[in-house]
Ligand SMILES: C[S@@+](CC[C@H](N)C(=O)[O-])C[C@H]1O[C@@H](n2cnc3c(N)ncnc32)[C@H](O)[C@@H]1O
């Protein structure tokens with residue numbers, strides 16, 4: 001465990017391809033008084049489950065540990081938020097609650113390949129009154145990122161949860177270098193998953209993920225440092241330099 005300013009890292013939780021750490025519970029990186037940051041984090045700690053996944057009325061695949069970590073890091077982030085993979089808006093809803101409860105003004109840009117799925121997210125987010133802070137972008141994430149780069153956008157937090165395919169993760173890592181501000185956290189979903197494999201160039205399959213391999217090959221370690229594993233999420237942070 002190492003501390004960076006007021007942050008606590010859990011870098012002893014590192015893994016490589018072929019490794020998996022079971023029971024990686026939630027631990028905070030920020031310091032805050034009390035067991036939870038606020039009532040919404042308490043809600044996430046106690047909300048209904050469907051098997052190992054939270055069930056708060058929007059379909060999705062977040063474990064409780066993932067949801068608690070996303071909420072914490074988005075709650076204390078500075079600046080706008082970039083999400084790879086909207087699906088039906090479960091994580092976008094949690095990110096929007098984090099921004100709203102922090103009292104700051106920030107935009108969440110969430111990217112989704114499928115227009116139909118993005119429309120479902122829009123419906124879910126509008127029904128919960130959080131659509132005002134979220135911009136839903138439809139199309140391939142890499143093409144959307146190019147437009148964001150072209151318009152000089154920068155972000156203070158990112159959740160990467162669009163594709164399990166090595167080549168898409170590689171592209172996302174290059175985009176993070178262009179779009180993420182120093183000091184910002186990046187959360188990779190499905191990092192701590194037995195299905196991660198070292199076979200490069202594999203397309204998205206149910207049984208083989210290229211997330212760890214993509215990060216190992218393309219996330220610039222001069223700029224990004226490993227923070228820890230929480231649930232199935234691998235957390236990295238862009239160094240302050
Ligand atoms: C695991 S789901 C996202 C779940 C969401 N983050 C949540 O927690 O509620 C992945 C989504 O990414 C989308 N996707 C897959 N490849 C993509 C790509 N290249 N660009 C943008 N979205 C993509 C899929 O259509 C799918 O809806």
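The strands (runs of 3 or more DSSP E) found wholly in segment 92-204 and carrying at least 2 residues that are more than 13 Å from the ligand (Cβ to nearest atom) occupy 155-160, 180-188.
Would you say residue 69 is surrounded by 15 or more Cβ atoms within 10 Å (Cβ to Cβ), in a helix (DSSP H, G or I) and out of contact with any helix residue (DSSP H, G or I) (no Cβ under 8 Å at 6 or more places or on another chain)? When the stated conditions are applied, residue 69 passes them. Does segment 78-91 hold any residues that are within 7 Å of the ligand (Cβ to nearest atom) and either in contact with a helix residue (DSSP H, G or I) (Cβ under 7 Å, 6 or more places away or on another chain) or over 25 Å from residue 143 (Cα atoms) (or both), and which are they? Within segment 78-91, 83, 84, 86, 87, 88, 89, 91 meet the criteria.
Only one of the numbered conditions (1) closer than 20 Å to residue 233 by Cβ; (2) touching a helix residue (DSSP H, G or I) at 6+ places or on another chain (Cβ under 6 Å); (3) surrounded by fewer than 22 Cβ atoms within 10 Å (Cβ to Cβ) is not met by residue 166, and that is (3). Checked against (1) touching a strand residue (DSSP E or B) at 6+ places or on another chain (Cβ under 8 Å); (2) more than 16 Å from the ligand (Cβ to nearest atom); (3) not in a strand (DSSP E or B), residue 221 passes all but a single condition, namely (1).
Within segment 194-207, the residues that satisfy the criterion of being out of contact with any strand residue (DSSP E or B) (no Cβ under 6 Å at 6 or more places or on another chain) and touching a residue at least 24 places away in the same chain (Cβ under 8 Å) are 194, 197, 198, 199, 200, 201, 202, 203, 204, 205. Of everything in segment 169-178 that is surrounded by 21 or more Cβ atoms within 10 Å (Cβ to Cβ) and out of contact with any helix residue (DSSP H, G or I) (no Cβ under 6 Å at 6 or more places or on another chain), the residue that is nearest to residue 86 (Cα to Cα) is 172.
Inside segment 5-52, residues that are surrounded by 12 or more Cβ atoms within 10 Å (Cβ to Cβ) and closer than 23 Å to residue 99 by Cα make up a count of 19.
Against the condition surrounded by fewer than 24 Cβ atoms within 10 Å (Cβ to Cβ) and over 24 Å from residue 191 (Cβ atoms), how does residue 154 come out, does it pass? Answer is no for this residue.
Would you confirm whether or not segment 44-51 contains a residue that is closer than 23 Å to residue 227 by Cα, within 16 Å of the ligand (Cβ to nearest atom), more than 15 Å from the chain's Cα centre (by Cα) and at pLDDT 95 or above? Yes, the conditions are met somewhere in segment 44-51.
Could you pull out the residue among 128, 135, 104 that is in contact with a strand residue (DSSP E or B) (Cβ under 7 Å, 6 or more places away or on another chain), closer than 26 Å to residue 40 by Cα and surrounded by fewer than 20 Cβ atoms within 10 Å (Cβ to Cβ)? None of the other options fit; the residue is 135.
The values are calculated or read from the model by the stated rules, or taken from the named source; none is laboratory data. Small disclaimer: the values here were computed from a predicted structure and weren't measured. Methodologically, a virtual Cβ is constructed for each residue, glycine included, from the backbone with ideal geometry; neighbour enumeration extends over all protein chains shown.
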